[in-house]
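Everything on this sheet refers to the single structure shown next.
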Amino acid sequence: MANSTKLSKIQDAMFQEIRDHQLFTSAQSYAFQYLNEVFDRNVYPTEEALNKLTHFEEEMPNTSGNVQEILDNLHYYGSPATLPTLGGRYFGFVTGSSIPATLAVKSLSDFWDQNSALEVLSPISAKLETVVENWLCELLGLPRHTVAGFVSGSSMAIYCGLAAARWRLFQKNGWDVNEQGMNGAPKVRVVTGKHTHSTVLKAIQLLGFGKANIEWVEVDEQGRMVLESMPELDGNTLVILQAGNVNSGSFDPIEAICQKAHEVGAWVHIDGAFGLWAAAAERFQYLTKGMELAQSWSADGHKTLNTPYDCGIILCQDKDALISALHMSGAYIVEGKRDGMYYTPEMSRRARVIELWATLKYLGKSGVDELVTNLHERAVQFAQNLGDQGFEVLNEVVFNQVLIACGEDEMTEKVLKNLQELRVCWCGGSMWHGRKVIRISVCSWATTPEDVDLCVASFVKARALARESELAEI
Ligand SMILES: *Cc1c(COP(=O)(O)O)cnc(C)c1O
């Protein structure tokens, strides 16, 4: 390793740090300390921890710092202000945990720091992207010619699916949207359900379809698109379905709509951010039946599958459309067999596929099935036990989501606030058919039946506190 008097001061210091390893040992020891506590600690930072974040408010330093001090700062002030989503009692939004095998793999591949834009930039990433693409087709029962792009999350994956659809639907009308843009373009229709996820709307706005042009489909009490309310489809239509309603967890009638769309040549995209993984579990096959007739699908590794964050996947059986929509070129680009950037909007990209590969390799098909089924079972346990305690369960628990109300909106809000302040578990609020609800999303491999018992007890306590405060007000 370099050892010369010609080095700049900072360069010299950095080589020295590599030589003595101490910073990595420190980081690892703090990481293990975090891991040992994360399953039992308060699931939301304490007021004290939040207040201490002011520690980070400082001017940008003029000179280089001490790495040990940087690590100490993060450990003492940063770690208590994290959300322990790695543990088993965080149920906010739809937030996955991370399986241990993959955390370990990530620590190794972090040192590799690969750029997966091109095969020539990272042969290992290109290889794993090809392998995982095949595995996903098999696991989810998709056509074998389906291709995959590895992006940051479902927001981006949905964007890619809809961009591919846009390219193809215009191309069928003799219009090259890449060259000619949207001005004067032929009419393309967009059909989706009234409960479509807001990131679908974002993709629609980014791609210039225009939200005002959406043909909205009514939904039933579970949030599923109602077949009778579907407009006639044709070959110029983009239909967006969801596998997993972000509130109720319900699935659109995928088979019936995919068949209709297939007959007339409409493009179907399925937003399966957390629900697409249902296709990998025996018990939930009925929910995604027929989805292989769609053209594109999007999913997150970082939700149900429990990969670390920053793991979205676009799957598309129209490779030409996906690549044409996202293609770019430059004189310095060296093409390989598998160049990840042709399947994604970004050029430079971290090699997130390594974590996805490790998760699938560790779990195997039976492990994924077990993981997904377990999330469902814990959700059912929540619904049953909370129901027994007199809470209202507002949805059919078909997957991992549970919607809870406690009478009037005002009471539900108070219970939620108390629940969050008790910090035994953390759930978010939402609206469901005009009512305030507490939303439980079971998304972590680590949630045990005992965790659910503890959380149900905390719900009961939160309600008792809310009733007490109501009495005190009278
Ligand atoms: C979370 C979610 C998204 C957005 O995914 P990100 O990974 O957060 O970008 C889209 N659709 C549904 C149904 C989701 O649950």
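The values are calculated or read from the model by the stated rules, or taken from the named source; none is laboratory data. Remember, predicted model here, so these are calculated numbers, not experimental data. Methodologically, a virtual Cβ is constructed for each residue, glycine included, from the backbone with ideal geometry; neighbour enumeration extends over all protein chains shown. Surface areas here come from the heavy atoms of the whole protein model, side chains and all, with no ligands, DNA or RNA. Shrake-Rupley method; radii C 1.70, N 1.55, O 1.52, S 1.80 Å.
Residues are listed down the side, and each one gets a yes or a no for (1) in a helix (DSSP H, G or I); (2) touching a helix residue (DSSP H, G or I) at 6+ places or on another chain (Cβ under 6 Å):
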site: THR54; (1), (2): yes, no
site: ASP72; (1), (2): yes, no
site: LEU86; (1), (2): no, yes
site: SER107; (1), (2): yes, no
site: VAL120; (1), (2): no, no
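For first residues located in the stretch 243-256 and among the aromatic types (Phe, Trp, Tyr), partners that are within 10 Å of the ligand (Cβ to nearest atom) and lie 6+ apart or on another chain with Cβ distances below 6 Å form the pairs PHE251/ALA243. Taking the residues in the stretch 224-240 that are more than 11 Å from the ligand (Cβ to nearest atom) and either among the aromatic types (Phe, Trp, Tyr) or buried (at least 24 other Cβ atoms within 10 Å of the Cβ) (or both) as candidates, determine which candidate is nearest to TRP432 (Cα to Cα). So the residue we want is MET225. In the stretch 143-158, the residues that are within 16 Å of the ligand (Cβ to nearest atom) reach residues that are of a type in the set (Asp, Glu) with C-beta atoms within less than 6 angstrom, at least six apart or across chains, in these pairs: ALA148/GLU133; SER152/ASP310; GLY153/ASP300; SER154/ASP300; ILE158/ASP271. When the stretch 415-474 is filtered for residues that are over 26 Å from LEU371 (Cβ atoms), open to solvent by 60 Å² or more (accessible area, probe 1.4 Å) and part of a helix (DSSP H, G or I), the ones remaining, listed by number, are LYS417, GLU421, LYS461, LEU465, ARG467, GLU468, GLU470, LEU471, ALA472, GLU473. Take the conditions (1) under 28 Å from VAL334 (Cβ atoms); (2) in contact (Cβ under 8 Å) with a residue 12 or more places away in the chain; LEU108 misses just one of them, which is (2). Every listed requirement among (1) away from the ligand (no atom under 16 Å from the Cβ); (2) modelled with pLDDT of 95 or more is met by LEU326 save one, (2).
Yes/no matrix, rows are residues, columns are (1) within 27 Å of GLY301 (Cα to Cα); (2) assigned to a loop (DSSP other than H, G, I, E, B); (3) out of contact with any helix residue (DSSP H, G or I) (no Cβ under 7 Å at 6 or more places or on another chain):
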site	(1), (2), (3)
PRO231	no, yes, yes
LEU241	yes, no, no
GLY249	yes, yes, yes
ALA261	no, no, yes
VAL268	yes, no, no
PHE274	yes, yes, yes
ALA279	yes, no, no
PHE284	yes, no, no
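Picking from residues in the stretch 284-336 that are open to solvent by 30 Å² or more (accessible area, probe 1.4 Å) and among the aromatic types (Phe, Trp, Tyr), the one that is farthest from SER250 (Cα to Cα) is TYR332.
For the stretch 399-410, the count of residues that are under 30 Å from LYS127 (Cβ atoms) and either among the aromatic types (Phe, Trp, Tyr) or touching a strand residue (DSSP E or B) at 6+ places or on another chain (Cβ under 7 Å) (or both) is zero. Note on the stretch 344-359: residues that are touching a helix residue (DSSP H, G or I) at 6+ places or on another chain (Cβ under 7 Å) and either among the polar types (S, T, N, Q) or crowded, with 22+ Cβ neighbours inside 10 Å (or both) amount to 10.
For GLU396, the stated conditions hold: it is within 19 Å of GLY275 (Cα to Cα), assigned to a loop (DSSP other than H, G, I, E, B) and open to solvent by 30 Å² or more (accessible area, probe 1.4 Å). Within the stretch 175-219, the set of residues being over 19 Å from ALA243 (Cβ atoms), open to solvent by 40 Å² or more (accessible area, probe 1.4 Å) and without any contact (Cβ under 8 Å) to a residue 24 or more places away in the chain comprises TRP175, ASP176, GLU179, GLN180, ASN183, GLY184, GLN205, LYS211, ALA212. Checking every residue in the stretch 314-322 against the condition of being in a loop (DSSP other than H, G, I, E, B), among the polar types (S, T, N, Q), in contact with a His (Cβ under 7 Å, 6 or more places away or on another chain) and closer than 18 Å to TRP267 by Cα gives at least one match.
Does THR146 satisfy being surrounded by 16 or more Cβ atoms within 10 Å (Cβ to Cβ) and in contact with a Leu (Cβ under 7 Å, 6 or more places away or on another chain)? Considered against the rule, which asks whether it is surrounded by 16 or more Cβ atoms within 10 Å (Cβ to Cβ) and in contact with a Leu (Cβ under 7 Å, 6 or more places away or on another chain), THR146 comes out as yes. Number of residues in the stretch 202-223 that are in contact with a Leu (Cβ under 8 Å, 6 or more places away or on another chain), in a loop (DSSP other than H, G, I, E, B) and within 16 Å of the ligand (Cβ to nearest atom): the value is 1.
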